[in-house]
Amino acid sequence: MKAVVTGGAGFIGSHLCDHLVAQGHEVVVLDDLSTGSMENLTQLEGTPGFTFVQGDILDRDLVRNLVEEADTVFHLAAAVGVYNIVDNPLKSLRINLQGTENVVEAAVANRVPYMVASTSEVYGKNDADGLKEDDDRIYGSPIKSRWSYAAAKGLDELVAYVHGVESGVPCVITRFFNVVGPRQTGQYGMVVPRFVDQALRGAPITVYGTGAQRRCFGSVFDVIPGLLRLMETPEAYNQAVNLGGHEEVSIKGLADRVVELTGSTSEIVYIDYEQAYGDGYEDMQRRYPDTSLAHRLIGYRPTRNLNDIIN
Ligand code: NAD
């Protein structure tokens with residue numbers, strides 16, 4: 001099988017490439033190296049059947065040419081990271097909307113099965129009693145560009161789904177929940193690598209907000225086999241499937257755990273959201289995936305706990 005992996009030089013994409021190559025597949029990576037890095041792929045350089053193409057998913061002809069030759073497409077390229085999205089709102093939107101459309105259209109035109117990476121953020125933060133025009137939880141609000149990521153990913157799901165249903169080409173949509181593991185960088189605010197980096201440097205560990213907000217981190221080593229199995233499971237086609245971990249922890253608890261496991265002398269300091277993200281930013285208090293659909297479809301059961309992930 002020949003697989004095209006967009007975003008293959010990124011964190012999740014490079015682990016996916018490792019798995020595909022280990023299974024004996026040919027792999028073509030399309031990545032513009034905006035947040036990804038060739039360092040994530042050094043282990044694959046020179047491997048027969050592995051090709052890297054530096055390019056943009058907004059380049060429709062390039063996408064079409066690569067997909068035409070493929071047996072399957074994994075679409076992971078996206079503008080990611082809160083700071084990146086806020087600093088480059090228009091570019092991010094284009095990449096996350098038009099880029100996905102290019103990949104999905106090429107896949108469907110060539111009847112190539114495709115996977116589109118979505119996010120837990122599509123669930124939004126809709127726990128408000130009264131909905132106000134300036135609500136920070138609005139996806140598409142012109143003044144809340146941070147949520148353009150969630151809005152675009154929601155539309156990506158729709159594009160993937162509608163094309164999948166209309167064409168009959170196998171389509172898998174994965175909603176990743178806080179996936180972590182080796183090669184993830186804290187560059188754009190991802191909390192686990194940021195805390196680990198701060199701990200190893202003996203720098204203050206910066207918790208945003210009170211630290212009471214809870215998250216559930218999923219290991220990339222659980223998520224990758226999960227998404228590969230979904231691609232082989234016709235019952236999974238044309239629906240969005242949560243993939244993540246099961247061990248829930250508060251962000252303060254995560255900071256404590258990182259200090260303990262690294263033997264760091266770092267102190268934990270608290271920074272309010274305004275200072276970290278600006279303009280009345282509010283975070284969701286809890287994000288926990290229900291992975292029962294993935295369990296039903298493919299027997300998905302995360303095997304790595306938080307200590308494994310941090311180590
Ligand atoms: P990442 O930044 O490591 O990977 C994204 C890759 O896409 C990078 O290599 C980047 O260079 C590439 N890219 C960006 N714009 C591009 C463009 N225009 N053309 C070609 N390549 C481009 O991030 P990741 O964490 O590995 O995320 C992979 C996918 O999973 C993304 O679609 C992301 O939205 C999704 N996701 C990740 C998480 C997570 O917890 N890591 C959670 C939810 C969803």
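The values are calculated or read from the model by the stated rules, or taken from the named source; none is laboratory data. All values derive from a computational prediction rather than experimental measurement. No Cβ is skipped: glycine too gets one built from the backbone with ideal geometry, and neighbour counts run over all protein chains shown. The area values use the complete protein model at the heavy-atom level, side chains included, leaving out ligands, DNA and RNA. Shrake-Rupley method; radii C 1.70, N 1.55, O 1.52, S 1.80 Å.
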For the stretch 24-38, Karplus couplings with θ = phi - 60° (6.51, -1.76, 1.60), whole Hz, Gly/Pro x: x, 8, 7, 10, 10, 9, 10, 8, 9, 6, 6, 10, x, 8, 5
Residue-wise HN-Hα coupling along the stretch 204-214, computed from phi with Karplus coefficients 6.51, -1.76, 1.60 (Hz; x: Gly, Pro): x, 8, 9, 8, 8, x, 7, x, 7, 4, 10
Contour minus Cα-Cα distance for residue 260 and residue 83 (0.36 nm per residue): 60.9 nm
Residues residue 23 and residue 292, FRET efficiency given R0 of 22 Å [Cβ-Cβ distance, rounded to 0.05]: 0.20
In the chain, lysine pairs with alpha-carbon atoms under 17 angstrom apart (chain gap of 8 or more, or interchain): 6
At R0 = 41 Å, FRET efficiency that the Cβ-Cβ distance of residue 105 and residue 39 yields, to 0.05: 0.85
The chain: antiparallel DSSP beta bridges as a percent of all, rounded to 5: 10 percent
Cα shape, the stretch 86-126, gyration tensor, a/c 1.5 rule: oblate
Contact order normalised by residue count of the stretch 193-250, Cα under 8 Å, 6+ apart, percent: 42 percent
Nearest-20 debye value, the chain charge dipole, Cβ charges on Lys, Arg, Asp, Glu: 460 debye
Net charge of neighbours whose Cβ lies under 12 Å from the Cβ of residue 47, counting Lys and Arg as +1 and Asp and Glu as -1: -3
Accessible surface, per residue, of the chain when the full set of protein chains is kept, probe 1.4 Å, Å²: 44 Å²
Highest average packing first - 260-268, 113-121, 211-219, Cβ atoms within 10 Å: 113-121, 211-219, 260-268
Peptide ranges 10-17, 221-228 listed from the most packed, as the mean C-beta count within 10 angstrom indicates: 10-17, 221-228
Other-chain or far-sequence residues with amide H under 5 Å of residue 118's (modelled H): 174, 175, 176
Percent carbon-and-sulfur accessible area, the stretch 1-115, ignoring ligands, DNA and RNA, probe 1.4 Å: 47 percent
